[in-house]
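Read the structure below first, then the notes.
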């Protein structure tokens, strides 16, 4: 695994002053809450994807066929 891109992305994402400009204060008390509300959809999407990957790996490990429901047509 190459760590250089990971390090570069971490520096860009976690450095508060990189994206700041005049009138955009990352050190304001409400800034953390605003950024948390902005990133919550991505966290939920990652959790759903991780859950699906985990369930697929379990079903393959124990040879379990997943039940698929048919949606009613209409």
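The values are calculated or read from the model by the stated rules, or taken from the named source; none is laboratory data. Keep in mind that what you see is a predicted model, and the values were worked out from it rather than measured. Cβ: placed from backbone, ideal geometry, glycine included. Neighbour counts: every protein chain shown.
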Quiz item: Do you know which residues across region 27-48 are outside any helix (DSSP H, G or I) and surrounded by 10 or more Cβ atoms within 10 Å (Cβ to Cβ)?
Solution: 28
Quiz prompt | Qualifying residue in region 7-22 (condition: at pLDDT 80 or above and surrounded by fewer than 10 Cβ atoms within 10 Å (Cβ to Cβ)) | solution = no
